[in-house]
Structures are given as C-alpha cells and as structure tokens.
Amino acid sequence: MLDKNLLELANAGNVEAMRKLGEFYRKKSKHFEEPAVGETISSEEFFKHLDEEGDPDLNAEAFKWFLKAAEAGDVESMIKVGGSYYDAIGVERDNPKALEWYEKAATLGSIRAMNITAYLYTFSFDGLVPNAEKTLYWYSKAAELGDLQALKELIK
C-alpha cells in the first residue's frame with residue numbers, strides 16, 4: 001500500500017521520496033529487472049522472469065517519478081531513467097536518451113553508470129554511434145575507482 005506521507009513528500013520536492021515512489025510503482029508492476037553489471041543471479045531465476053514486463057500503467061508511473069528525481073539530481077534515478085529508455089519500460093525506447101542519462105550519472109561518479117555508458121559507446125544500433133575514445137574514457141574512469149569489470153574490459 002502506498003504511504004500517503006511518501007506521496008506528500010514527493011509532491012513537495014523530496015528527491016528520496018520521488019525515487020522511493022518510482023521503486024514502489026516499479027515493484028508493484030511486477031516488472032523483472034535484470035541484475036546490474038557485476039551482480040549475479042542463477043540462470044534458472046533469470047529465464048524464469050525474463051519475459052515479465054509488468055503493468056504498463058504502473059511502469060509509466062514509476063518512470064514519471066524516477067524522471068522527476070533524476071531531473072533533481074538523484075544519481076540512482078538517472079540510472080533507472082536510462083534503463084527505462086533503453087528497455088522501453090514505462091516509456092518508448094530511446095537509446096540516445098538512455099545513453100544521455102547514463103552518462104549524466106557517470107559524470108556524477110556512479111561506477112555502474114560508467115560501465116553502462118562505456119558499454120553503450122561500443123555499439124551502432126537504434127540511434128547509438130560507436131565512440132572508441134568515450135568507451136576507453138569511461139572504462140578507464142571506472143577502473144581508476146577500483147572496478148574490476150571495467151579493468152577486464154580494458155584488458156580485452
């Protein structure tokens with residue numbers, strides 16, 4: 001059940017409340033979220049939930065709150081907005097916008113966003129253009145901060 005206090009705080013501009021509302025609606029939609037880079041789940045668990053898209057109206061509501069929080073500077077919400085655009089969760093797919101939001105979060109120091117940004121700069125599809133310099137830059141930044149996944153990508 002939605003906490004009325006949380007909604008009031010979010011409507012009053014509380015960024016953490018905005019993000020928590022987004023998380024509430026996303027969870028309520030029953031959308032399966034793939035694990036983050038570096039996180040693992042069993043392949044059985046992954047394939048069990050792979051096609052679960054969740055309730056589109058609840059996903060749109062979640063996106064609305066994540067976007068508000070992201071626009072207010074919340075890094076985790078920026079990642080959620082990027083993922084929503086990339087995976088078309090609650091919003092139309094828009095890979096360039098996804099990359100834009102991931103890069104904003106990366107610029108603010110999110111190692112996870114640095115890895116995703118670097119990864120997206122390696123592709124040429126659906127509006128994305130490869131950029132080897134930016135791929136190298138973001139993997140290097142993440143590696144400098146001690147991220148082993150980024151270091152492995154640099155070695156490749």
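The values are calculated or read from the model by the stated rules, or taken from the named source; none is laboratory data. What you see is a predicted model; the values in this text were computed from it and never measured. So basically every Cβ, Gly included, is an ideal-geometry build from the backbone, and we count neighbours across all protein chains shown. Accessible surface is based on the protein model in full, side chains and every heavy atom, while ligands, DNA and RNA are left aside. Shrake-Rupley method; radii C 1.70, N 1.55, O 1.52, S 1.80 Å.
Summary of values
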{"item": "Of all residues making up the range 118-146, the number that are among the aliphatic types (A, V, I, L, M) and in contact (Cβ under 8 Å) with a residue 24 or more places away in the chain", "result": "5"}
{"item": "Candidates Ser124, Ser140, filtered to the one that is open to solvent by 80 Å² or more (accessible area, probe 1.4 Å) and of a type in the set (S, T, N, Q)", "result": "Ser124"}
{"item": "Condition broken by Gln149, with the remaining ones in (1) free of Cβ contacts under 8 Å to residues at least 60 places away in the same chain; (2) farther than 24 Å from Phe63 by Cβ; (3) surrounded by 14 or more Cβ atoms within 10 Å (Cβ to Cβ) satisfied", "result": "(1)"}
{"item": "Asp74 being touching a Lys or Arg at 6+ places or on another chain (Cβ under 6 Å), under 29 Å from Leu7 (Cα atoms), open to solvent by 20 Å² or more (accessible area, probe 1.4 Å) and modelled with pLDDT of 95 or more", "result": "yes"}
{"item": "Ala132 being open to solvent by less than 60 Å² (accessible area, probe 1.4 Å) and among the small types (Gly, Ala, Ser)", "result": "no"}
{"item": "Boolean, Asn115 is in contact (Cβ under 8 Å) with a residue 40 or more places away in the chain and of a type outside the set (A, V, I, L, M)", "result": "yes"}
{"item": "Qualifying residue in the range 73-84 (condition: in contact (Cβ under 8 Å) with a residue 24 or more places away in the chain and more than 19 Å from Phe24 (Cα to Cα))", "result": "yes"}
{"item": "Check on Tyr85, closer than 20 Å to Tyr137 by Cα, touching a Lys or Arg at 6+ places or on another chain (Cβ under 6 Å) and not aliphatic (A, V, I, L, M)", "result": "no"}
{"item": "Residue in the range 125-135 that is at positive phi, more than 17 Å from the chain's Cα centre (by Cα) and modelled with pLDDT under 95 present", "result": "yes"}
